[in-house]
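For reference, the structure is listed below as structure tokens.
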Amino acid sequence: ERSPTLVRFETGQMSAREFYEEVRRATGFRGSFEQFAEFFADIFWEIPEMVGLHRALRERGFPTWIFSNTNPLAVGHIRRRFPFFSQFDGYILSYEVHAMKPDARIYEAFEARAGWRGAQVLYLDDRPENVAAGAARGWQVILQESPQNTLAAMRQLGLPV
């Protein structure tokens, strides 16, 4: 379960500085904003098979999007550390659209910006409730449990991966 403070941050209801100040007050953290930002955002790692899948899809002309519950600290960190992040066609970020998965509003924001609906969308996510919300919209969905399972599911859909 996400904390109410994190939900407010990841839905764009508070700035990174406000989030830092609230966390600092609640935890007694004494470091600088910059230190906090680095500690807070340094939770990601690259999954080589998924980066390769993304590259293969792009090389075959498939548009790709980032569709994420996230915040500006995490996105800034990812943009600095992982070059592949800049190679997507579009981004739907919870803090920018003021809604988090599985809330229908973030799925609607994706459909509006990307211009696709229903089975035109192939959606990968590691959270069952988010995949269920995509499936309810008629999207093709894959629960991302492992790169091997995702690649097998994509082959079953007839995608050249």
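Table for the structure above
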| read-out | value |
| --- | --- |
| Conditions (1) more than 21 Å from F9 (Cα to Cα); (2) out of contact with any helix residue (DSSP H, G or I) (no Cβ under 7 Å at 6 or more places or on another chain); (3) at pLDDT 95 or above; (4) surrounded by 14 or more Cβ atoms within 10 Å (Cβ to Cβ); number of the one not met by W65 | (2) |
| Segment 17-26 - residue that is exposed (fewer than 13 other Cβ atoms within 10 Å of the Cβ) and either touching a residue at least 12 places away in the same chain (Cβ under 8 Å) or under 18 Å from the mean Cα position of the chain (by Cα) (or both) and, of those, nearest to P147 (Cα to Cα) | R17 |
| One residue from F9, F39, F29 being in a helix (DSSP H, G or I), surrounded by fewer than 17 Cβ atoms within 10 Å (Cβ to Cβ) and of a type in the set (F, W, Y) | F39 |
| Which listed residue is open to solvent by 50 Å² or more (accessible area, probe 1.4 Å), assigned to a helix (DSSP H, G or I) and without any contact (Cβ under 8 Å) to a residue 12 or more places away in the chain, from E96, E49, E1, E34 | E34 |
| Residue satisfying condition, being out of contact with any helix residue (DSSP H, G or I) (no Cβ under 6 Å at 6 or more places or on another chain), open to solvent by 30 Å² or more (accessible area, probe 1.4 Å) and in a helix (DSSP H, G or I), within set R105, R79 | R105 |
| Every residue from segment 117-157 that is part of a helix (DSSP H, G or I), without any contact (Cβ under 8 Å) to a residue 12 or more places away in the chain, open to solvent by less than 60 Å² (accessible area, probe 1.4 Å) and over 20 Å from K101 (Cα atoms) | A152, A153 |
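The values are calculated or read from the model by the stated rules, or taken from the named source; none is laboratory data. Given the structure is predicted, the values throughout are model-derived calculations rather than measurements. Ideal geometry is used to build each Cβ from the backbone, glycine not excepted, and the neighbour counts take in all protein chains shown. These accessible areas exclude ligands, DNA and RNA; they are computed on the full protein's heavy atoms, side chains included. Shrake-Rupley method; radii C 1.70, N 1.55, O 1.52, S 1.80 Å.
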